[in-house]
Structure formats: C-alpha cells, structure tokens
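As structure tokens, the structure follows; a few thoughts come after it.
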Amino acid sequence: MFLRTAAAAFALTLATPVLAQDAAAPATLPDIAQGAEDAPLTIVEYASFTCGHCANFHSDVYPQLKAEYIDTGKVRFVQRDVYFDQPGLWAGVLARCGGDEKFYPVSGMLFDEQSEWLAGGSGDEIAANLRRIGLKAGMTEEQMTACWNDTAKVEQLIATFQANATADEVEATPTFIIGGEKVSNQPWESMKEVIDSKLAEAAPAE
C-alpha cells in the first residue's frame with residue numbers, strides 16, 4: 001500500500017511521545033499563512049481534515065471570515081493541522097504536496113468533499129479517493145506517491161502538529177487562537193464579536 005510509510009511514521013511517532021535528549025528530533029515546519037503580513041490581528045485555526053465540525057466551519061464561517069477580514073488586510077489567517085487519525089494525516093500530506101500556494105485550495109477541497117473521500121470502507125479506498133482530489137488539484141500520480149512516501153516530511157508534519165498543539169493546549173478541533181486568546185468553535189456572529197474586540201485592542205491610540 002502506497003501510504004504504508006506515512007502510516008508507519010504516524011504510529012511510530014505517537015508511540016514515542018518523549019524523545020531522548022540526544023536524539024535528533026524532526027524539525028518543525030513554518031506556518032502557511034493567508035492575508036497581509038502586516039495585518040493587525042492573527043487568527044490560528046487548529047483543524048483536522050477528518051473533523052466534521054471543521055468542515056462545517058469551512059463551509060459556513062470561513063468564507064465570511066475571508067471576505068470581511070482576511071481579504072481586506074485586517075486578519076492574517078493560519079490553519080494548523082491536527083492529526084487524530086491516519087486518514088487525517090494522509091490528507092494533511094496531500095494538502096502540502098503541491099507547495100504552499102496550493103495548500104489552502106487543496107484544504108478547501110478536502111473539507112468540501114470530506115464526506116465523499118472518507119466514505120471509503122478501507123484505507124485503500126480512502127487513499128484512492130484522496131488521489132482523485134489530488135488529480136483535480138493538478139498533481140500527478142507520481143508526485144502524490146512521492147509525498148506520501150517521504151517519511152522524513154511526514155515525521156516533520158507530525159512533530160509540527162505535536163509541538164503547536166502542545167504549546168497551545170489544543171484538545172479538540174476546531175480550536176482558534178485569536179490575538180493570542182484560545183477560543184472554541186462558535187457561530188459566526190459570536191466569533192465576529194471576538195475578532196472586532198481584538199481589532200479594537202490592536203488599534204493605535206489616537
């Protein structure tokens with residue numbers, strides 16, 4: 001199975017929560033951000049590609065967040081992957097496989113089509129469904145196979161998830177860090193109030 005190395009890396013890393021002091025831990029990866037670098041407010045979303053509530057956020061709330069705040073330069077948005085299961089990790093590898101510029105478009109496809117690609121009754125079926133999404137995003141079969149077989153990159157993704165989620169004490173998805181404050185999933189109007197409050201705090205005094 002072509003996802004064997006990704007699955008093995010996932011199992012090995014989760015089975016070894018504490019690394020020896022002299023062991024070389026995988027390097028963590030930088031965030032992939034949307035929005036202006038000088039935006040006054042940063043929002044971080046911790047999301048799992050297999051989380052139904054995350055898919056709902058991306059269909060119901062994210063478009064408004066993007067139109068009103070990200071695209072207008074008010075918010076810099078960062079999505080950080082959370083891997084609760086192997087299919088979520090496989091999807092996370094796929095999201096990064098096309099490079100940074102394709103991360104958010106592919107992530108959107110994964111959330112939009114979550115119920116379809118997760119409907120596979122076996123790992124092989126889910127993998128085939130993910131391949132179809134990758135092909136629609138312009139990736140080649142060879143490119144996807146290389147990404148899933150890149151054990152070092154998979155270990156970096158897992159290490160990045162563990163470091164970030166531990167630092168921000170994330171236990172469920174989606175969880176948001178808005179201006180440094182941890183915020184649970186909530187309806188758009190409630191989240192908008194938090195965002196506007198944080199933007200007001202960040203505004204320079206006149």
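The values are calculated or read from the model by the stated rules, or taken from the named source; none is laboratory data. Only a predicted model underlies this, so the values are computations on that prediction, with no experimental measurement involved. A quick note on method: Cβ atoms are made from the backbone with ideal geometry, for glycine too, and the neighbour counts reach across all protein chains shown. All accessible areas refer to the heavy atoms of the entire protein, side chains included, with ligands and DNA or RNA removed. Shrake-Rupley method; radii C 1.70, N 1.55, O 1.52, S 1.80 Å.
Inspect all residues belonging to the range 51-64 and state whether any of them is outside any helix (DSSP H, G or I) and open to solvent by 30 Å² or more (accessible area, probe 1.4 Å).
Step one: filter the range 51-64 for residues outside any helix (DSSP H, G or I), giving 51, 61.
Next cut, open to solvent by 30 Å² or more (accessible area, probe 1.4 Å) only: none.
Scanning the range 51-64 turns up no residue that is outside any helix (DSSP H, G or I) and open to solvent by 30 Å² or more (accessible area, probe 1.4 Å).
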Within the range 114-143, the residues that are part of a helix (DSSP H, G or I), of a type in the set (A, V, I, L, M) and either under 21 Å from Ala47 (Cβ atoms) or open to solvent by 60 Å² or more (accessible area, probe 1.4 Å) (or both) are Ile126, Ala127, Leu130, Ile133, Leu135
If we keep only residues of the range 184-206 that are free of Cβ contacts under 8 Å to residues at least 24 places away in the same chain and among the polar types (S, T, N, Q), then the residue surrounded by the most Cβ atoms within 10 Å (Cβ to Cβ) is Gln186
_Looking at the range 178-192, can you tell me whether even one residue there is within 24 Å of Asp100 (Cα to Cα), touching a helix residue (DSSP H, G or I) at 6+ places or on another chain (Cβ under 8 Å) and not polar (S, T, N, Q)?_
yes
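Residue by residue, here is whether (1) closer than 28 Å to Ala119 by Cα; (2) of a type outside the set (Lys, Arg); (3) touching a helix residue (DSSP H, G or I) at 6+ places or on another chain (Cβ under 9 Å); (4) assigned to a loop (DSSP other than H, G, I, E, B) holds:
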position	(1), (2), (3), (4)
Ala67	no, yes, no, no
Thr72	no, yes, no, yes
Arg76	no, no, yes, no
Gln79	yes, yes, yes, no
Trp90	yes, yes, yes, no
Residue pairs qualifying under the 8 Å Cβ cut-off, at least six apart or on distinct chains, with the first in the range 155-166 being crowded, with 18+ Cβ neighbours inside 10 Å and the second being among the basic types (Lys, Arg), are Leu157/Arg96; Thr160/Arg80; Phe161/Arg80; Asn164/Arg80; Ala165/Arg80
Tyr83 passes all but one of the listed conditions (1) open to solvent by 20 Å² or more (accessible area, probe 1.4 Å); (2) assigned to a loop (DSSP other than H, G, I, E, B); (3) within 21 Å of Ala25 (Cα to Cα); the exception is number (1)
For the range 145-154, state whether one or more residues are crowded, with 17+ Cβ neighbours inside 10 Å and touching a strand residue (DSSP E or B) at 6+ places or on another chain (Cβ under 6 Å). no
Per the filter on the range 171-183, residues under 24 Å from Pro87 (Cα atoms) and either open to solvent by 20 Å² or more (accessible area, probe 1.4 Å) or among the small types (Gly, Ala, Ser) (or both) are Glu171, Ala172, Thr173
